[in-house]
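Asker: Take this structure, written in structure tokens, and hold onto it; I'll ask about it next.
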Amino acid sequence: MKGRSISFRLTLWFSSVLFVGLALFAAAMWFTLDGTLTSARSRTLDRRADRLKDLLDQMRQDPPEQRARKFQAFADATGGGLIEVFNTDGSPFLPSPSSAARAFPWPSPAPLQAERFREVAFSGQPYRVLARPYSSELGRLVLLVAAPLEGSRQVLRTFAAGLLWTIPALLALSALGGYGLSRRALKPVDQIAAAARSITVSNLSERLPVPRTADELQRLAETFNAMLARLESAVNEIQRFTADASHELRSPLSFVRTVAELARRNPQADARSRQAFQEIIEESGKAARLLEDMLTLARADSPAARPAFEPVDLAEVARSVFDRALSLANAHRHVLTFSLDGGSAALVYGDFPTLQRLLWILLENAVKYTPSPGAIRLSLSATQTQAQVTVQDNGIGIAAADLPHIFKRFYRADPSRGQVEGSGLGLAIAKWIADIHQARLSVESSENRGALFRIVFPAYAPTPAPLRAPAAGTRAAR
Ligand code: ADP
């Protein structure tokens, strides 16, 4: 039962209760009907025995032939001739009025104190029999009358067949109706869950739909929304703090760097001091880059910080970044190549410098994580619907265990720590840039097999100008 939906469990529970209720009701009805039909039969037999007794009372003075005649006439007029009058020793007091009565399996009339009902089977049919003691100057006799029960049994069978159809039909109807109703009642829960799943730190300002049902569901959605509001303000606080801290640290850091540069150039400084100043310059440069990256990511989560977009030729972006990266690749003795497929332009909707930054991050990583001399390839291909940029290298590659994490902030795969400079923020920024351009950034790599980063952009499609309604009187061409 675990893992089943609430609707399913509710329906199962109510259907089981309904089934037990209906079964009890049907059994009670069946027994009541059976009792009513049987007692109706018994009353008929009772009345018949009363009339037979009256007949015997009247025939006290009659000679035996006349008695037999009267008895025959009575039997012919009553209940199909299933009637007998026996002495207490079992011998017939009057001759059997019919062959059926003769063959009938009458119960033994032996010592009978009070009247007694029995059920017996005759020719495969059930019969109800009344045996009643009778005494007068005719002697001690037993009156026996019988009537078939087949009619009552038939009524019972029809009733049972009716129940057999109506109970499952009622159950199915109520289960379907109950399931449908509970699904409808619980639908807002699914909507709330789907909306809650889609909320991440980047769209914390969104809220769950609140069903106006004035019940637990409405309270649940409102409570979630209040929690989201608190989370949003806490996250905003953290983002503001990171952005402010990075921003505030920029000036003292650039001051340290400027002072170190001036000090290094001082002719009075000795070689060791110059070396120390050089290290300060390098380290403060790294710190400045880290701050810049942190500032970018701190602002990345706020939609207000997104650059303004316009149609941009990705081929131009790639060419400019390629030109800049050539000297870096040469310094590492790598062969850097650029290929362009599918025409000379690849228009996408975006921001030129931000896209440059994205390609730069990938190319710089390829240079950093490829042992010299390596081969790095930047390619761009464009179709009507999309533009694709790939950056491929034959470097150290990325282990399968690291692949799912490399786009996370501050994540660095093990071999790169300590050996290669970096902060672990580059790919997080690249991912953010791809996301705001509605592009898909992915990677294929395995250890020591190089890496292939791919970004697929939707091609820029200018919104078509709205069609003008034809002027009155003009006709469309056929
Ligand atoms: P970093 O500043 O460490 O380069 P990134 O976010 O740019 O940070 O990259 C995250 C991690 O992904 C890197 O530390 C490195 O382990 C791995 N990585 C990124 N690009 C490559 C590549 N071209 N080849 C091998 N590993 C890479």
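The values are calculated or read from the model by the stated rules, or taken from the named source; none is laboratory data. If you're wondering where the values come from, they're calculated on a predicted model, not measured in any experiment. Cβ sites come from the backbone with ideal geometry, for glycine too, and all protein chains shown count toward neighbours. These accessible areas exclude ligands, DNA and RNA; they are computed on the full protein's heavy atoms, side chains included. Shrake-Rupley method; radii C 1.70, N 1.55, O 1.52, S 1.80 Å.
Asker: What is the packing order of peptides 394-403, 235-244, taking the mean over residues of other C-beta atoms within 10 Å and listing the highest first?
Answerer: Sorting 394-403, 235-244 by mean packing, highest first, produces 394-403, 235-244.
Asker: For the chain, with all protein chains present and a 1.4 Å probe, just round the carbon and sulfur fraction of the accessible area to a whole percent.
Answerer: 58
Asker: For a quick protection proxy, order the peptides 158-166, 176-184 by their average other-Cβ count within 10 Å, most packed first.
Answerer: 176-184, 158-166
Asker: Now a separate question. Counting only residues 5 or more places away or on other chains, whose amide H sits under 5 Å from the amide H of Tyr349 once H atoms are built in the peptide plane?
Answerer: Distant-sequence amide H within range of Tyr349: Val312, Tyr460.
Asker: On to the next question. Length gain on complete extension for the stretch Glu137 to Asp57, per 0.36 nm per residue less the alpha carbon to alpha carbon distance?
Answerer: Length gained, Glu137 through Asp57: 27.9 nm.
Asker: Now a separate question. Roughly how many Å is it from the Cα centre of region 298-331 to that of region 360-376, as a whole number?
Answerer: With region 298-331 and region 360-376 each reduced to a Cα centre, they are spaced 17 Å.
Asker: Counting pairs of alpha carbon atoms under 8 Å apart in space and at least six apart in sequence, what relative contact order in percent does region 6-155 give?
Answerer: So the answer I get is 22 percent.
Asker: A follow-up question, please. Taking the Cα-to-Cβ direction at Val420 and at Arg306 and moving 7 Å from each Cα, how far apart do the two end points lie in nm?
Answerer: According to this spin-label approximation, the distance is 3.1 nm.
Asker: Roughly how many Å² is the accessible area per residue of the chain, as a whole number, for a 1.4 Å probe?
Answerer: On a per-residue basis, the chain sits at 60 Å².
Asker: Could you give the DSSP H helices of the chain that reach 30 angstrom or more along their long axis (alpha carbon positions) and whose average Kyte-Doolittle hydropathy is no lower than 0.0?
Answerer: Span-like helices here: 6-58, 150-198.
Asker: Among all the lysines, which ones have a C-alpha under 23 Å from Lys368's C-alpha, if same-chain residues fewer than 8 places away are not counted?
Answerer: List returned: Lys286, Lys408, Lys431.
Asker: How far apart, in nm, are the 7 Å Cα→Cβ label points at Phe241 and Arg265?
Answerer: In this crude spin-label approximation the distance works out to 4.0 nm.
Asker: If you don't mind, another one. Considering just Cα atoms, how many Å³ per residue does the convex hull of region 6-155 enclose?
Answerer: Hull volume over Cα atoms, normalised by residue count, gives 123 Å³.
Asker: Return the calculated 222 nm mean residue ellipticity for the chain, to the nearest 500 deg cm²/dmol, obtained by summing -39500 (n - 2.57) across DSSP H runs with n ≥ 4 and dividing by the residue count.
Answerer: -18500 deg cm²/dmol
Asker: Going Cα to Cα from Lys53, which lysines come in below 19 Å? Please leave out same-chain ones fewer than 8 positions away.
Answerer: By straight Cα distance, Lys53 reaches Lys70.
Asker: Between region 98-172 and region 74-97, how many Å separate their Cα centres?
Answerer: Comparing the Cα centres of region 98-172 and region 74-97, I get a distance of 16 Å.
Asker: Taking Lys187 as the anchor, which lysines have their alpha carbon closer than 25 Å to its alpha carbon, excluding any fewer than eight residues away along the same chain?
Answerer: Output for Lys187: Lys2.
Asker: Using only alpha carbon pairs under 8 Å that are at least six residues apart, calculate the relative contact order of region 280-415 and give it in whole percent.
Answerer: Relative contact order of region 280-415: 22 percent.
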